[in-house]
Structure formats: C-alpha cells, structure tokens
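Asks: My structure is below; once you've seen it, I'll send some questions.
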Amino acid sequence: MSVGILTIGDELLSGTIQDSNTHFLAKVLFAFGVKPTLFRTCSDQDIAHALKEMFKECEVVITSGGLGNTHDDVTVQAVAEFMGVGLTDRVPATAHLLTNGAGEAPGFMIQDKVGHTVISFPGMPHELEEMALHHLPRLLGEVRKSEEEKVYSKTLHFCHTNEDHLAPLLSKLSLSCPEFQFGIYPKIGGVSVTFRGKAKNEEVFAQSSEAIIEALYEQFPTLVFPSKSGSICEAVLDELKARGQTLALAESCTGGEIAASLTKIPGASKVLLLSVVAYSDASKAKVLGVSKKSLQTLGAVSEEVVTEMIEGIFSLCDADYALAVSGIAGPDGGDAKKPVGTVWGAVAKRGEKIRTGLIPCRSSMPRQVIIQKSANYLLGALWRHLAYEICPFT
C-alpha cells in the first residue's frame with residue numbers, strides 16, 4: 001500500500017506556521033508498518049492538482065488542513081470535485097465521516113471506483129493527532145483489506161486444434177507475462193487454455209490480460225468458441241438459438257453420438273429437428289436417397305456419399321443447417337485405400353454450397369475416440385461456418 005501525505009494551506013508555504021502534521025502522520029504510519037511514499041504541501045487553490053499528481057504514485061493520500069466552516073476552508077469542496085461527487089452536509093456525498101474528539105470539524109474518508117482513497121483530517125495539530133491515533137489503524141486496515149489481491153482466471157476453448165499447436169505460443173506468453181500462470185487442457189477434438197493471475201478485482205484482471213487474449217485470437221482467429229462449460233455442443237446450440245435457426249443430422253459411423261451430445265443439453269429441441277442414423281448402405285439409399293451407384297463405385301466412406309446424405313436429410317425436414325458423417329471407426333473394416341480412421345464429414349446451410357472434408361483421425365485411435373473426435377470435429381466445423389462463414393475444413 002502506497003501512502004502520501006498532503007498538507008494544505010497558504011500559511012505553510014509562506015512560513016507563517018511550521019508543519020508538524022507531516023512528521024506526526026509519518027510516525028503513526030511507520031508504526032503501522034507503512035512507509036510513506038511522498039510528502040507534499042500545496043496552497044488552498046492547488047488541492048485538485050496536488051491530488052492528481054500524488055495519485056500517480058500513491059493509492060492513499062492523507063490530507064491535513066482546510067476543514068471547517070470559515071471562508072478559507074476549501075478542502076472538502078476540492079476533494080469532492082476531484083472525486084466527482086457533490087456535497088452532503090458539508091462533506092463529500094459518498095464519504096464516511098470521522099469523528100473529531102478534540103474539536104468541531106469532522107474528518108472524512110472517500111474512495112473512488114478505481115481505488116483511490118483520500119483521508120482528510122483538520123489542520124490543527126492537537127485535533128489531527130487525536131483523530132489520527134483513533135482512526136488511522138482501522139482505516140488503513142480497511143484499505144489494505146480492500147486492496148488484497150485475489151486470484152482470477154480466464155478460460156478460452158478451441159476447436160480444430162491441439163496441445164502441440166498451442167504450446168509454442170503459450171511458452172512465449174509465459175515468458176512475456178510472468179505474472180500469469182498458464183494451463184492447457186486437451187480433450188477429444190479440442191483443447192482449453194486457462195490463465196490465472198492476481199488482481200484487485202475482476203475489472204483490473206480483465207485489463208491486464210487483454211494482451212494474452214489478443215495474442216491467442218491473433219494466432220488462432222477462427223478457432224475460439226464461447227462456452228461456459230467448454231462444450232462445442234453448447235456453443236453450436238446457443239448460436240443457432242440466437243439466430244432462430246435449426247439443424248438436422250445424418251450420421252453413420254458416429255451412431256447418433258452427435259445427436260446424443262446435443263440432446264443432453266436443455267433446450268436442444270428448439271434447434272435439433274431431425275436425426276437419422278443411416279448405418280447400413282441400404283438405409284443410406286432408402287432413407288436418405290443416396291444413390292446406389294455412389295455406394296457401389298465410391299463406397300459409403302466418400303465425399304460424394306456425405307454430400308448426398310446432406311441433400312437427403314434436407315429433403316426430409318425444413319432445417320436451416322445439416323451435418324453428415326460417414327467413416328470407418330474400427331477396429332476392423334479398413335483397407336489400404338481407406339484405413340481405419342478414414343472419416344468424411346459435411347456441413348451445409350440450406351441453399352448454399354455443401355462443405356466437405358476428411359476428419360483428422362488416425363488408425364491407431366480406439367474406436368470410441370474416433371467416434372467422439374468425429375462428432376466434436378464436425379460440430380466445430382459447423383461452429384466455424386456459423387461464426388466466420390468460412391470453409392470449416394481448411
């Protein structure tokens with residue numbers, strides 16, 4: 001806690017009287033474990049300017065002088081104007097009165113929104129000394145308590161990336177921002193980054209962490225998605241609900257995983273109109289209208305088939321958006337041309353071009369991991385298509 005002492009009065013500057021208040025206040029502060037940052041004396045007309053300059057270095061300014069009812073007692077008005085408040089019963093409107101057991105003029109303490117604190121005592125030495133001994137230990141304790149730093153944190157969630165891609169930037173940020181601690185938490189189909197730091201309040205933490213957020217968005221501009229829980233399903237549902245738009249699903253290898261993850265969230269019925277699990281070639285043809293030629297010549301796991309699955313699901317309902325997925329989840333069923341882990345996905349908005357792409361799975365992944373990654377990756381593709389109107393597979 002940085003504290004300054006400001007004595008006020010033209011008589012001090014002219015040498016008419018000697019300043020003993022600064023000496024006494026400094027002793028009281030030092031006994032309380034606080035070494036004053038600076039001392040200053042100003043004229044009655046220069047109070048606001050003196051406070052402005054002192055608050056560049058101090059969090060608390062203790063003033064003495066200029067309290068009372070005579071024409072030259074101007075401290076109350078000057079402090080009130082500086083703190084941006086009016087007067088109530090001859091004290092700043094938001095101030096706390098400090099009783100004066102040795103005289104008539106009360107003191108006061110006032111704080112502004114950014115944490116500046118002014119504690120004002122009368123200038124008469126015997127009054128100031130009585131009030132300082134009575135009030136300062138409690139007041140400084142309150143200021144210290146209000147200034148105690150708490151730990152705040154912020155988490156950003158990323159789709160279509162992994163720990164290895166984020167790690168180099170986080171290493172740089174940890175060096176350039178040593179006051180923050182970084183954590184990276186991978187999950188199937190995405191990753192979350194949490195950074196923690198101490199601050200007086202949440203607003204200060206947000207300001208101090210702006211550079212970190214800007215750096216992450218700059219390097220990964222379309223991969224961050226908003227979600228309190230960290231779920232890409234939540235982000236997709238919230239976005240579609242906000243737009244008043246709907247979704248349909250045509251799943252094969254994921255076996256309804258996408259529909260299940262969405263319907264676990266309350267309110268999904270406002271978005272999800274239809275989900276079809278067309279697991280066999282026959283059901284793809286009969287229910288979704290996928291051509292037998294595509295199935296026979298290109299195979300169910302192909303760009304053409306997921307494209308036709310999108311067209312088929314759109315023909316069955318009035319959804320605004322659709323997803324389709326078909327692949328080989330293993331542990332068998334693959335070959336040299338299409339190994340286990342080959343998964344095609346498609347995303348489309350009704351009436352617009354169907355976007356397709358291979359979902360990056362590996363043959364070494366367990367079956368359930370391939371299923372979950374395909375589901376999350378495809379939902380991430382839809383999120384990026386919604387939020388940024390880009391081809392989500394690039």
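Asks: Condition check: surrounded by 15 or more Cβ atoms within 10 Å (Cβ to Cβ), part of a helix (DSSP H, G or I) and in contact with an Asp or Glu (Cβ under 7 Å, 6 or more places away or on another chain). Does PHE82 satisfy that?
Replies: no
Asks: While we're looking at this one, here's another question. Would you point out which residue out of LYS35, LYS52 is assigned to a loop (DSSP other than H, G, I, E, B) and either exposed (fewer than 15 other Cβ atoms within 10 Å of the Cβ) or modelled with pLDDT under 95 (or both)?
Replies: Working: LYS52 fails: assigned to a loop (DSSP other than H, G, I, E, B).
Step by step, each of LYS35, LYS52 is checked, and only LYS35 is assigned to a loop (DSSP other than H, G, I, E, B) and either exposed (fewer than 15 other Cβ atoms within 10 Å of the Cβ) or modelled with pLDDT under 95 (or both).
Asks: Follow-up question, since we're still on this one. Just give me the residues in segment 269-298 being in a helix (DSSP H, G or I) and within 29 Å of GLN245 (Cα to Cα), in sequence order. Give the derivation first.
Replies: The first filter runs over segment 269-298 and keeps only residues in a helix (DSSP H, G or I), leaving 269-270, 281-288, 292-297.
Scanning segment 269-298 gives SER269, LYS270, SER283, LYS284, ALA285, LYS286, VAL287, LEU288.
Asks: Which condition number does LEU87 fail, the rest of (1) among the hydrophobic types (A, V, I, L, M, F, W, C); (2) crowded, with 16+ Cβ neighbours inside 10 Å; (3) closer than 16 Å to ASP112 by Cα being met?
Replies: Checking LEU87 against (1) among the hydrophobic types (A, V, I, L, M, F, W, C); (2) crowded, with 16+ Cβ neighbours inside 10 Å; (3) closer than 16 Å to ASP112 by Cα, the one that fails is (2).
Asks: Within the bounds of segment 357-371, is there any residue that is more than 32 Å from the chain's Cα centre (by Cα), in the same structural domain as ALA242 (by TED's automatic domain parsing) and assigned to a strand (DSSP E or B)?
Replies: Step one: filter segment 357-371 for residues more than 32 Å from the chain's Cα centre (by Cα), giving 357-358, 362-368.
If we keep only those that are in the same structural domain as ALA242 (by TED's automatic domain parsing) as well, we get 357-358, 362-368.
The next check asks that each one be assigned to a strand (DSSP E or B); those that pass are 357-358.
Yes, that holds for at least one residue.
Conditions tested, residue by residue: (1) under 27 Å from LYS187 (Cα atoms); (2) surrounded by fewer than 23 Cβ atoms within 10 Å (Cβ to Cβ).
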residue: LEU272; (1), (2): yes, yes
residue: GLN296; (1), (2): no, yes
residue: ILE310; (1), (2): no, no
residue: ASP332; (1), (2): yes, yes
residue: PRO339; (1), (2): yes, yes
residue: THR356; (1), (2): yes, yes
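Table: residues versus (1) assigned to a strand (DSSP E or B); (2) β-branched (Val, Ile, Thr); (3) touching a Leu at 6+ places or on another chain (Cβ under 9 Å); (4) exposed (fewer than 15 other Cβ atoms within 10 Å of the Cβ).
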site	(1), (2), (3), (4)
VAL151	yes, yes, no, yes
LYS154	yes, no, no, no
ASP164	no, no, no, yes
SER171	no, no, no, yes
PRO178	no, no, no, yes
TYR185	yes, no, no, yes
VAL193	yes, yes, yes, no
ARG196	yes, no, no, no
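Asks: Among PHE180, PHE158, PHE195, which is more than 27 Å from MET54 (Cβ to Cβ) and touching a residue at least 60 places away in the same chain (Cβ under 8 Å)? Please lay out each step first, then the result.
Replies: Numbers: PHE180 fails: touching a residue at least 60 places away in the same chain (Cβ under 8 Å); PHE195 fails: touching a residue at least 60 places away in the same chain (Cβ under 8 Å).
One residue alone meets the criteria, PHE158.
The values are calculated or read from the model by the stated rules, or taken from the named source; none is laboratory data. None of these values were measured; they are calculated from a predicted model. When we count neighbours, we look across all protein chains shown, and the Cβ atoms used for this are built from the backbone with ideal geometry, even at glycine.
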